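A.B. asks: Okay, here's the structure, questions in a sec.
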Amino acid sequence: MLKLHVVPPEGLPFDHPFTGDSLVVGRAADADLMLADPFLSRRHSRLFRAGSTVYVEDLGSRNGTLLNGQKVLEPSAIVPGDTVRISGSVLTLLEESPPAHRVTQVDSVLEDGTIFRNASELLDRQNSPDAAQLQGEAGLRRYAERLKLLNEIHQALGRSLSLEGLLELILERTLDHLRPDRGAILLKEADGELRPAATRSTASNLDEMRFSRTLVREVAEKNMAALVLDAWTDVRFAEAPSILFSGVRSLIAAPLLGPEGTLGLIVLESRLQVRQFAEEDLELLVSLAAVAALHLRNLKLALEAEERRRLEEELALARRIQMALLPSQLPQVAGWELYGANFPSRVVSGDYYEVVPRGDGRELVLMIADVSGKGVAASLLTASLQAFSAGPVEDGLPPDEICVRLSRLLYRRTPPEKFATALLAVLEPATGRLRYTNAGHNPGLIIRAGGSTAGIEELGPTGVPLGLLPGALYGAAEATLAPGDLLVLYTDGIAEAASPDDEEYGLERIKQTCSRHRGEPCARLAAALEKDLETFARGVPFADDRTIVLAHHRPALAR
């Protein structure tokens with residue numbers, strides 16, 4: 001039976017069964033696995049069966065789906081142990097084993113003489129020994145010595161170390177107390193594979209350490225501690241004759257158990273003429289592995305916290321740079337009130353706006369754009385968009401020709417999945433004449449002075465998004481803003497803001513709110529729209545950047 005181990009961006013990890021033929025993951029209420037992650041698409045990814053194979057596919061999500069760190073571009077096979085990352089959530093496909101029977105001493109002794117014991121149960125028994133284990137002076141002494149040893153190792157590993165230093169110290173202390181020929185720590189990497197991270201030997205004439213893949217899987221995937229009394233009698237080592245020819249006969253291995261699953265394992269090996277490991281050695285190694293796993297996890301959390309702090313500093317710097325690219329103040333134009341604002345859903349934004357006078361003030365260029373994606377990558381593209389548009393705007397080109405140039409530049413210099421929607425308008429303040437090009441953007445709105453929502457004019461698309469096609473052409477359209485009329489430009493972060501019921505704010509609500517507050521100063525209108533958005537969302541985080549540009553024809557403001 002298969003299940004998904006889910007580690008959400010916030011909250012505790014949990015398991016979800018995968019019993020049917022299809023399982024859709026997303027933030028929609030009707031998804032088979034609904035996750036409270038605002039950056040997920042409503043139907044983000046799907047796992048499905050085809051025969052005996054399980055596949056994962058991306059359902060056209062905004063942020064994409066990663067399988068073992070690689071972007072999923074088509075249905076891809078997934079096996080137990082593989083990880084799927086969607087936004088901030090990580091899903092690991094697992095295969096549930098039948099529950100193991102609990103026994104007092106040995107969980108299972110195979111016919112080949114190798115002993116397997118459930119590592120978690122073994123730790124529980126060691127941490128809460130029964131009366132039989134503590135019987136007599138010898139039993140109490142052994143228990144006290146074990147506690148003293150583990151405390152010493154805790155203190156030794158508690159020093160501030162790098163990962164390499166911590167692994168070396170773990171092996172050093174393990175070899176000191178268990179005296180094998182050599183030992184190794186294997187850690188699970190981002191792709192789910194277990195690879196040697198550190199090795200140590202007590203002799204200088206030993207060959208490179210090799211591992212039985214079957215034994216490693218038994219220990220790491222099933223959380224079993226293993227004691228190989230004699231490798232020559234264990235069929236698992238038939239696949240690795242080099243291990244046998246090296247003289248290795250006895251091995252012990254224990255998983256590094258963490259709250260999110262196995263971090264890896266420790267393996268110790270010995271030649272028979274040196275020593276044969278016993279169950280007491282296995283029990284001690286399980287305890288040492290538990291201590292090691294704790295410190296490895298603490299180090300990982302500390303490194304992640306440091307990396308997060310560094311990233312937050314870089315994002316804060318990126319936001320300051322981006323804010324410097326946005327207009328610090330809009331031009332003063334006689335007879336017009338102008339307003340612009342940007343609210344990123346993350347620290348940096350993929351939205352951009354500009355209001356630029358040209359032709360000695362005879363024209364006013366208004367531009368609003370929304371780059372595909374979010375975060376740093378989108379913010380970098382907005383900077384490029386600003387740089388690309390500056391020349392054509394200053395040269396006095398009409399909006400359709402500016403969009404043609406921008407689209408060609410973006411197509412040549414960005415990957416295929418990167419594009420931008422934009423609405424670019426040229427306004428003649430003296431007459432109210434507006435000539436615009438809408439490159440796949442949300443329709444701009446002209447709210448007439450009369451106030452009826454039925455009379456609101458929409459500035460619909462006149463071409464495809466910028467950078468989407470190599471030779472895209474753009475049309476232009478015209479409108480006129482009479483005294484009292486209001487021009488509203490916005491990005492889809494406003495229109496697509498979602499409620500807890502997964503309902504979008506939508507174009508009609510934008511029209512109603514702007515029409516209701518059309519007579520107020522632009523800053524108050526924008527504040528009213530933002531307040532209405534927050535009331536509508538009822539605590540649901542905004543998944544996309546929100547930008548608004550307003551131009552209100554107010555002849556009374558004429559100088």
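The values are calculated or read from the model by the stated rules, or taken from the named source; none is laboratory data. Nothing here was measured: the structure is a model prediction, and the numbers come from that model. The protein model used for the area step is the full one, side chains on, heavy atoms only, and it has no ligands, DNA or RNA in it. Shrake-Rupley method; radii C 1.70, N 1.55, O 1.52, S 1.80 Å.
A.B. asks: Of the accessible area of the range 466-551, with the probe set at 1.4 angstrom, what percent is carbon plus sulfur?
C.D. replies: Of all accessible area on the range 466-551, carbon and sulfur atoms account for 53 percent.
A.B. asks: Which of 3/531; 71/300; 300/418; 3/300; 71/188 have a Cα-Cα distance over 32 Å?
C.D. replies: 3/531; 300/418
A.B. asks: Check residue 32: other-chain or 5+ apart residues with amide H under 5 Å from its amide H, H built from backbone geometry?
C.D. replies: Distant-sequence amide H within range of residue 32: 24.
A.B. asks: Restricting the calculation to Cα positions, tell me the Rg (one decimal) and the Dmax (whole number) of the range 7-77 in Å.
C.D. replies: 12.0, 35
A.B. asks: On a full-extension model of 0.36 nm per residue, what is the gain between residue 412 and residue 3, subtracting their alpha-carbon distance, rounded to one decimal in nm?
C.D. replies: This chain segment gains 142.9 nm when fully extended.
A.B. asks: Could you please put 1, 367 in sequence from largest to smallest accessible area, using a 1.4 Å probe?
C.D. replies: Most to least solvent-accessible, the answer reads 1, 367.
A.B. asks: Could I ask something else about it? If the viscosity is 0.692 mPa s and the temperature 37 °C, what translational diffusion coefficient in µm²/s does Stokes-Einstein give for the range 353-506 when Rh comes from Kirkwood over Cα pairs?
C.D. replies: 203 µm²/s
A.B. asks: Taking the full set of protein chains and a 1.4 angstrom probe, give the accessible area of residue 384 in square angstrom, rounded to the nearest 10.
C.D. replies: Near enough 40 Å² of accessible area.
A.B. asks: Quick one: the Cα spread of the range 435-559 along its three principal axes, in angstroms, biggest first?
C.D. replies: Here the Cα extents, ordered largest to smallest, are 46, 39, 28 Å.
A.B. asks: Let me ask you something else. Based only on Cα atoms, what Rg/Rh ratio does the range 407-463 have, Rh being taken as Kirkwood's radius?
C.D. replies: We get a ratio of 1.12 for the range 407-463.
A.B. asks: Kindly report the accessible area of the range 486-547 per residue (heavy atoms of protein chains, probe 1.4 Å, no ligands, DNA or RNA), in Å².
C.D. replies: Heavy-atom SASA per residue in the range 486-547 reads 41 Å².
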